[in-house]
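Working notes, structure below.
The values are calculated or read from the model by the stated rules, or taken from the named source; none is laboratory data. Keep in mind that this is a model prediction, so the values were computed, not measured. Don't worry about glycine lacking a Cβ; one is built from the backbone with ideal geometry, like all the others, and counts go over all protein chains shown.
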Amino acid sequence: MSKELTPLELDEMLLGLSEGDADEQWARLVSDPVGDRRWAAAVLRRAELDALVMRLHAHPWLAGPLWRIRVAARRFRRDASAGFELAQLGSPLFAQLGQGDPPLSVEVAAGETRVFSVAAGRVVEVRGVAGTVYYATASSFGALPSLRWKMEPGESPVLLAVAARAGRDDLHDTAALMAAIDAGEVLAAVVLEEALDREISR
Amino acid sequence: MSDSRTYGEAEPRFRVIDDWSLAARAELATGDGDQIRALLDASFSTLLDERDVSLARYGFNKTDDPVSEAVSWCMDRFATGDLDPAQIDPQHHSFRLFTQPGFWLAQKVGARAHAAIRHEQRRRVEVDERIDAASSDDAAEDARQSVSTLESDAVRTLPRLHASTCANMVTFWLQGTVKIRGEWFGWAVEAPDPPVASASEASKRMADALFRFLVLFWEMLAGPDRALSVQVCEASCFSPCKNAAPYWNDPSEAARPLGVVAASDAKRLRKDGVVALLGACVDRAHDPGTERGTHPRLRAAFTRRTLRKSLVDVYRLGPAGTKLFAELDALAGEERS
C-alpha cells in the first residue's frame, strides 16, 4: 500500500519542485482513490499561502499580530472550542443578489487567524465573547464596544482581535495589542478584507 | 508548450528579492522580520503534518514548539547564512521563498538527508501493485501488463496536463476518471461528492480536462505541420493559464502572435482546432494504431470512455461537434454488438 501524498509533497508537485521524485509522486496521485480531493485541498492551501504573501506585502502592519497569535496559540494551548462566532448581517437586497453568498455566521476557534471577504456596506458582528473586541487598520486602533463593524470602502484590511477575558480594555495601539498577544491575553483574531466586485464571466 | 511551466506563472507577482548579499538579507530580516516570520510560521504549520514528517527529525526538538524553532532557524539562516541564488528556483527569488518549508529543511540538513528523511517512511510500490498477484495465468498476466502500460502512460500525461494548463485541470481530470482509475487500481468507487457548481458546470469542466488530456496522451500537438486552427487552439488551451474559469487563454490574445488579428477569426480558428483535435480523438477511439504503445484496444476504450458530450457546449462546437459524438456513439454500439 503506497503511502498517501503529504501536503508538502503535493505543494512541491503544484510548484514543479519535485525533481527526481516527480514520476513516483504523480503515480501515487493517480492511484489514490481520493486523489482529486487531496489535490484540490493542496491547490487551496497554496492559494491561501500565496494570498498571505501578497497580503503581508501590501499591509506589513498585519504581520506582527498574525504571527504572534499563531505562536501564542501553540504556547498557551487553548481549547479550540473556546472561540467566538462571527456573523454577517446582510441586507435583504444583497441576499437576493446572492451569487454563492458566504455563510451568515462562522465559528472562529481560539488561535485562528482567518481571513474573511466582506462586501463594502455589509456589517459583521462578533458574538459569544466575554472579552473586549479591538479593531485595527493601517491608521487606526481602538476598542469596539458595539461588537459590530461596517465594512467601509478603502479601509481594508481590518483586524478584529478578541481579548481572552473581560476587563482587558486598556489597549491603546497595535504595539500594546502585540504585547497582550504574547502574554496570552488575546483569544483569536480575524482579518476582514473588502470583497472585490465579481467580474461578469464571459 | 513549455515543459518548465510551474503553477503560479500566470498569477500576480510577489515581492522580489533581487539582492542576495549578506548585507541586503540582514537588512530585510531586520526591517521585515515579522513579515518573514509570519510566512514561515504559516507555511510550516500548514504544509508539515506532524504525522508525516516530524520536525524533530530535522533537529527541531529542543523545545515544545518545534515550529517556532524552525522559524527561528530559518530567519537566522536567511540573515546570516550562505545562500546562493543560482541554487534557488527563479520563481522563488521573492518572499514566496518563505512559504517553502522543503527549501529550508534541505538547507538545515542538506538535500540528500532531507530526501532520505522523506523516503524512510515510504515503501516504493509498483503502479500495478493492487492487481491480484496470485494469478499466474498468461492471459491475466497480459491483462496486468496492458493495464499497467496504459496506467503508466496516463501517469506520465497528467503532469503534462498540469504544465500545459493549470492546477484545477488536474482536479477535474481526477474527478472525471474516478471510475476508470478504480478499475485500474481495484478500489471500490464511492459515490462522488456533489459538485460545488451546478452539475452541468462540473461535467463541462471534467469533459474539458478529459479531452485536453487525450490530446496530450495521443501526442496530437507534436510535429511541425499543424494547421493554424490547431496552433491557435494550442496557444489558447494548451498553454499555461489562470487557475480560474474558463481555464484557457483568451483566443484573440493567444492567436495574435500567430498573425491572427481579428477576434472573430481567432474564435473561429480555435473552434476549428478543437473540432480537428476531437476528430482525431474519435479516430483513435476507433483505430488507435500500434505506434503509440501496446494493447491498442484498451487505449481505444479509454479514449472512447473519456470523450464526453458536454465538450460540445464547452467550446460551442455546434453541428460539427455533435456529428463527431454521434460517430462515437455508433462506434460504441458496434463494440457492444
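Within region B:190-200, is there a residue that is modelled with pLDDT of 60 or more, within 11 Å of chain A (Cβ to nearest Cβ), part of a loop (DSSP other than H, G, I, E, B) and more than 23 Å from the chain's Cα centre (by Cα)? Checking region B:190-200: at least one residue is modelled with pLDDT of 60 or more, within 11 Å of chain A (Cβ to nearest Cβ), part of a loop (DSSP other than H, G, I, E, B) and more than 23 Å from the chain's Cα centre (by Cα). Could you tell me whether B:Arg77 is at pLDDT 90 or above and either of a type in the set (A, V, I, L, M) or within 28 Å of the chain's Cα centre (by Cα) (or both)? Answer is no for this residue.
Close contacts from region B:181-206, counting a first residue that is surrounded by 13 or more Cβ atoms within 10 Å (Cβ to Cβ) and a second that is assigned to a helix (DSSP H, G or I) and at pLDDT below 85, with Cβ to Cβ under 6 Å and a gap of 6+ residues or different chains, come to B:Trp184/B:Val147.
Of the helices (runs of 4 or more DSSP H) lying entirely inside region B:6-115, those carrying at least 1 residues that are at the interface with another protein chain (Cβ under 7 Å from one of its Cβ atoms) are B:33-47, B:66-80, B:101-109. With respect to B:Leu174, determine if the residue is within 12 Å of chain A (Cβ to nearest Cβ) and part of a helix (DSSP H, G or I). It is true that B:Leu174 is within 12 Å of chain A (Cβ to nearest Cβ) and part of a helix (DSSP H, G or I). B:Arg308 fulfils the conditions (1) under 22 Å from B:Leu150 (Cβ atoms); (2) of a type in the set (Lys, Arg); (3) in a helix (DSSP H, G or I) except for a single criterion, (3).
Let's see how each residue does on (1) at pLDDT below 95; (2) part of a helix (DSSP H, G or I); (3) more than 17 Å from B:Arg156 (Cβ to Cβ); (4) of a type in the set (Asp, Glu):
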position: A:Leu8; (1), (2), (3), (4): yes, yes, yes, no
position: A:Ala22; (1), (2), (3), (4): yes, yes, no, no
position: A:Gln25; (1), (2), (3), (4): yes, yes, no, no
position: A:Leu29; (1), (2), (3), (4): no, yes, no, no
position: A:Arg38; (1), (2), (3), (4): no, yes, yes, no
position: A:Arg46; (1), (2), (3), (4): no, yes, yes, no
position: A:Leu62; (1), (2), (3), (4): no, yes, yes, no
position: A:Arg75; (1), (2), (3), (4): yes, yes, yes, no
position: A:Ala82; (1), (2), (3), (4): yes, no, yes, no
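With (1) closer than 22 Å to A:Trp26 by Cα; (2) in contact with a Pro (Cβ under 9 Å, 6 or more places away or on another chain); (3) at pLDDT 95 or above as the list, and B:Ser236 as the residue in question, which single condition is left unmet? Here B:Ser236 clears every test but (1). Considering only region A:56-80, state which residues are of a type in the set (A, V, I, L, M) and at the interface with chain B (Cβ under 7 Å from one of its Cβ atoms). A:Leu56, A:Ala63, A:Leu66, A:Val71 - these are the residues of region A:56-80 that are of a type in the set (A, V, I, L, M) and at the interface with chain B (Cβ under 7 Å from one of its Cβ atoms). Comparison of A:Val30, A:Val53, A:Val34 shows that the only residue that is more than 8 Å from every other protein chain (Cβ to nearest Cβ) and free of Cβ contacts under 8 Å to residues at least 24 places away in the same chain is A:Val34.
Just to be sure before I move on: is B:Arg51 among the basic types (Lys, Arg), surrounded by fewer than 16 Cβ atoms within 10 Å (Cβ to Cβ) and at pLDDT below 95 in the structure I sent? So B:Arg51 fits the description; yes.
The listed residues are B:Leu150, B:Leu83, and the only one of them that is modelled with pLDDT of 90 or more and of a type in the set (A, V, I, L, M, F, W, C) turns out to be B:Leu83. The set of residues from region B:159-170 being crowded, with 23+ Cβ neighbours inside 10 Å and facing chain A (nearest Cβ under 7 Å) comprises just one member, B:Val170. How many residues are touching a Leu at 6+ places or on another chain (Cβ under 8 Å) and either among the charged types (D, E, K, R) or more than 7 Å from every other protein chain (Cβ to nearest Cβ) (or both) if we restrict to region A:11-27? Selection size over region A:11-27: 3.
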